[in-house]
Amino acid sequence: MAVSKLFGASIKRREDPRLITGKATYTDDLQLPGMAYAQIVRSPHAHARITRLDVEAARRYPGVVAVYTGRDLQGVLNPIPTAWLIPNSDLKTPPHPALAVDTVRYVGDGVAVVVAEDRYTARDAAGLIEVDYEPLPAVVDQVKAVEQSDAPQLHAEAPRNVAFTWVLASGDADKAFQEAERDGVIVSQGFINQRLIPNAMEPRSVVARYNSGSGELTVWYTTQNPHIARLLMSVVTGIPEQKVRIIAPEVGGGFGSKIPFYPDEAIVAFCARHTGRPVKWTEDRRENYLTTIHGRDHVTDLDVAARKDGTITAVRGKTWANLGAYLSTAAPGIPTILHGLMLTGCYTIPNVSYKVVGVFTNTAPVDAYRGAGRPEATYLIERMMDCLAARLGLDPADVRRRNFIPPDRFPYTTATGLTYDSGNYEPALDKALEAIEYSRIREDQKKGPKNGRYLGVGLSTYTEICGMGPSAVVGSTGFQGGLWESAVVRLHPTGKATVFTGTSPHGQGEETTFAQIVADELGLPIDDIDVVHGDTGAGPMGWGTYGSRTTVVGGGAIALAARRVREKAAKIAAHLLEAAEGDLVFDQGRFFVRGSPDRAKTIQEATLQAYLAWNLPPGVEPSMEASAFYDPSNFTFPFGTHVAVVKVNAETGEIEFRRYVAVDDCGKVINPLIVDGQVHGGIVQGVAQALWEGAVYNTEGQLLTGSMADYAVPKAHMFPTFRTDRTETPSPHNPLGVKGVGETGTIASTPAVVNAVIDALRPFGIMHLDMPLTPERVWTAIHGKSRR
Ligand code: MCN
């Protein structure tokens, strides 16, 4: 690879050839000798009591190996745990059995599992299981679940279906609102952030093998965090952690949906252990829609108080967060820590009063979906910026500028208690406005609609919290783990390198960017470096890939480990060159004596000597590897401006998505090509929420959008070309100066597009519409039948 400086180079992802030529191994590709197949029988009711469960016919069906019910698992498997126990919230954690025993609480709740010789037999036999249900009333709406006195109750442990009440109060919001009432302005708006269904390319899949001779359980599965999975697998199955090995082969994308520890992996492990056979389970897409976690699903009432010049003095509100039937692994932390603390966005809002009520309903569990809490926060504050601008007759860009945290105030502590590491918001805004030709659009708007099409432009000036995170801080929020990261950089005798990371990329491209980091730190050719991840049996413990933490924390650990290797190589080179270490210069893989460039040893030569160990300097151990465990001192806060331009056809309500500009700042960029790819993918997911996607349950708790035919996953032709650009404000505390970027597009784009559509609809006096902005919804609003 003829690139002298690899950090910052747009090189193609090395993952892709195998992924796009069918050479990659996914969990479902695995074939183990003697393998059997599992099929989970799931409840067709959203809420019901199980009165009879007869598995005899299934058990007798030819080819069936075993059938288990919730009662068989009782006392053998522990309940599925929740790992984010947010404090001071009266959090209720009702038990979540892997298979329901008496009561099912959402459509898709497992009641039995069939293990058979092949997956078709397993499926056929599952159809023979007779379950009598006594249906109970269901509730799917989180506000009704809490506020309606006769709402069905899901768990005895959680009166009124309240899982937690989380309160954030800072400054004196009441006083600010009183002042605004007298001499300013108060804007109030209700917002629905609809439920979304993650659509990874591959659904979830598990293969478990238990060796009763050694007591070892090996599980291959679609997880974003194998080490956490091992810990939780051990907790749930009781198998000692050192006997459990988790391997994530090709995962096929996750977008957060493969973070949680689901009942299914515990069930499959149980089946493998109790049948003595390796067992495979792969969900189909329908099952995926019903039982893999969903995202978002907030109902919010929000007020902002401001001065007449547009300076916001306070934000106040309440959100009802739908958590589904059970608390998924990280669920309590998403609408609180990752959402509430980001409510003030990139603005100097001094007073905050916010309450989040987490609610159980008869729906699939809700957990982290790309952005996880931050898209919901950004949506609220960025929509409010536009509402306020409209109320005051100001330009939305000017209102934002007025409230930006000035660049000289970083590190900046927000009213919500976070310390933003670095930021410089105006240059990103300026760049984006220039690229979209903002003034020209505003001029065009003044000319009025053309052919019944109304022009709109929408901004989103976002910041977000990622690079999770300092362990002590996340621990103080109730997260039951650390969020440091591990790395091992190992050079082999031939000078080639294997790098182990505790993170577990599954589509983001770190096999490439991590190799770029090591290539630069050690001056090795990039093709000589392999990156290994996703196997608890390979490298040290680490916490996985989510929260756009992989590069910031995992990459930071890799840089530190590589630097340790370089230090050791320098000692050996100095010894071999009979020079003082302090006299050596390191450049592109060579150590040479300052002033004598020919007196040199390459890092490969030093490495070979480290393995031969014939002539090592005193106190230096053989071999050439180093590890690092990096716990960052703060999160990172990337930011930027996204702008969307739309035209709305007033006759049909259709939205023409015309142009999109994204200017992001994720600090130092390792690979601009990959960063662009991440931003593109993120924008698509965020825009899809604004315009098309939404999970719909009917009042009985049946998922009406239960397949790709009913759920509006967008297609490429629905988007204009995205124009991306960047500013660069390094993170001051990260060894590489990087900030995360994996979620920025999703976080930023939703409000940009909604703001653009509402901007276009301003001539009709429309102040807000809830997402998705379908033609029907827009048309209804234009023609005067809006419900809000
Ligand atoms: N990068 C870079 N320079 C930076 C920051 C990042 O070159 N300053 C590169 C990274 O090295 C990496 C990519 O950009 O190749 C994204 O890195 P990062 O921001 O660290 O995000 P993570 O790797 O932690 O990915 C997690 C993030 C999340 S939370 C979701 S959800 C998500 C996403 O990434 N899910 C994805 N992107 C996805 N992309 C794919 N293809 N599939 C998913 O499931």
Legend entry - Matching residues, the stretch 237-257, being hydrophobic (A, V, I, L, M, F, W, C), crowded, with 22+ Cβ neighbours inside 10 Å and more than 16 Å from the ligand (Cβ to nearest atom): V244, I246
Inset, instruction - Please indicate, with yes or no, whether at least one residue in the stretch 441-463 is within 16 Å of the ligand (Cβ to nearest atom) and modelled with pLDDT of 95 or more. - result: yes
Inset, instruction - Determine whether the stretch 479-495 contains at least one residue that is hydroxyl-bearing (S, T, Y), surrounded by fewer than 24 Cβ atoms within 10 Å (Cβ to Cβ) and within 16 Å of the ligand (Cβ to nearest atom). - result: yes
Legend entry - Hey, I572 more than 30 Å from P17 (Cα to Cα), more than 16 Å from the ligand (Cβ to nearest atom) and either at pLDDT below 95 or buried (at least 23 other Cβ atoms within 10 Å of the Cβ) (or both) or not: yes
Inset, instruction - Test each condition in (1) out of contact with any Gly (no Cβ under 7 Å at 6 or more places or on another chain); (2) part of a strand (DSSP E or B); (3) not charged (D, E, K, R) for A272 and report the one that comes out false. - result: (2)
Inset, instruction - Please go through the stretch 1-30 and pick out each residue that is in a helix (DSSP H, G or I) and closer than 30 Å to Y106 by Cβ. - result: T27, D28
Legend entry - Verdict on V131 being of a type in the set (A, V, I, L, M), surrounded by 15 or more Cβ atoms within 10 Å (Cβ to Cβ), farther than 25 Å from Q702 by Cβ and in contact with a Leu (Cβ under 9 Å, 6 or more places away or on another chain): no
Inset, instruction - Please name all residue pairs, on different chains or six or more residues apart, with Cβ atoms under 6 Å, provided the first residue is in the stretch 536-565 and is on the phi < 0 side of the Ramachandran plot and the second residue is in a helix (DSSP H, G or I) and near the ligand (Cβ under 8 Å from one of its atoms). - result: T550/E510; I558/F514
Inset, instruction - Those residues that are touching a Phe, Trp or Tyr at 6+ places or on another chain (Cβ under 7 Å) and more than 6 Å from the ligand (Cβ to nearest atom), I need them from the stretch 668-684; list them, please. - result: H680, I683, V684
Inset, instruction - Only residues that are away from the ligand (no atom under 16 Å from the Cβ) and part of a loop (DSSP other than H, G, I, E, B): list them for the stretch 632-667, please. - result: S633, A650, E651, T652, G653, E654
Inset, instruction - Quick one: R659 ticks every box in (1) on the phi > 0 side of the Ramachandran plot; (2) surrounded by fewer than 23 Cβ atoms within 10 Å (Cβ to Cβ) except a single one, so which number is it? - result: (1)
Legend entry - Residue check for V499: in the same structural domain as I603 (by TED's automatic domain parsing), away from the ligand (no atom under 16 Å from the Cβ), closer than 30 Å to I529 by Cα and hydrophobic (A, V, I, L, M, F, W, C): no
Inset, instruction - Select from the stretch 587-612 the residues that are assigned to a strand (DSSP E or B) and in contact with a helix residue (DSSP H, G or I) (Cβ under 7 Å, 6 or more places away or on another chain) and list them in ascending order. - result: F591, V593, R599, K601
Inset, instruction - Could you tell me whether any residue of the stretch 710-729 is more than 20 Å from the chain's Cα centre (by Cα), within 14 Å of the ligand (Cβ to nearest atom), crowded, with 16+ Cβ neighbours inside 10 Å and part of a loop (DSSP other than H, G, I, E, B)? - result: yes
Legend entry - Unique residue being surrounded by 16 or more Cβ atoms within 10 Å (Cβ to Cβ), of a type outside the set (S, T, Y) and assigned to a loop (DSSP other than H, G, I, E, B) when the list is G694, G745: G694
Inset, instruction - Take the stretch 284-299 and flag every residue that is surrounded by fewer than 23 Cβ atoms within 10 Å (Cβ to Cβ) and not in a helix (DSSP H, G or I). - result: D284, V299
Inset, instruction - Go through (1) outside the structural domain of L429 (by TED's automatic domain parsing); (2) closer than 30 Å to L455 by Cα one by one and return the number of the condition T652 breaks. - result: (1)
Legend entry - Residue list for the stretch 218-227, filter: of a type outside the set (S, T, Y) and within 14 Å of the ligand (Cβ to nearest atom): Q224, N225
Legend entry - Filter result for V593 (of a type in the set (V, I, T), buried (at least 16 other Cβ atoms within 10 Å of the Cβ) and over 29 Å from G502 (Cα atoms)): yes
Legend entry - Any pair with Cβ under 9 angstrom, 6 or more apart, that starts in the stretch 663-685 at a residue that is without any contact (Cβ under 8 Å) to a residue 12 or more places away in the chain and ends at one that is within 8 Å of the ligand (Cβ to nearest atom) and in a loop (DSSP other than H, G, I, E, B): none
Inset, instruction - Name every residue in the stretch 31-74 that is among the polar types (S, T, N, Q), in a loop (DSSP other than H, G, I, E, B) and in contact (Cβ under 8 Å) with a residue 60 or more places away in the chain, in order of residue number. - result: S43
Inset, instruction - Working only within the stretch 395-422, note down all residues that are in contact with a helix residue (DSSP H, G or I) (Cβ under 8 Å, 6 or more places away or on another chain) and not hydroxyl-bearing (S, T, Y). - result: D395, P396, A397, D398, V399, R400, R401, N403, F404, I405, P407
Legend entry - Failed item in (1) more than 16 Å from C466 (Cβ to Cβ); (2) under 21 Å from the mean Cα position of the chain (by Cα), with G667 passing the rest: (1)
Legend entry - the stretch 524-541 - residue that is aliphatic (A, V, I, L, M) and in contact with a strand residue (DSSP E or B) (Cβ under 8 Å, 6 or more places away or on another chain) and, of those, farthest from E250 (Cα to Cα): L524
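The values are calculated or read from the model by the stated rules, or taken from the named source; none is laboratory data. Because the structure is predicted, anything quoted here is derived from the model rather than measured. All Cβ positions, even for glycine, are placed from backbone atoms using ideal geometry, and neighbour counts span all protein chains on display.
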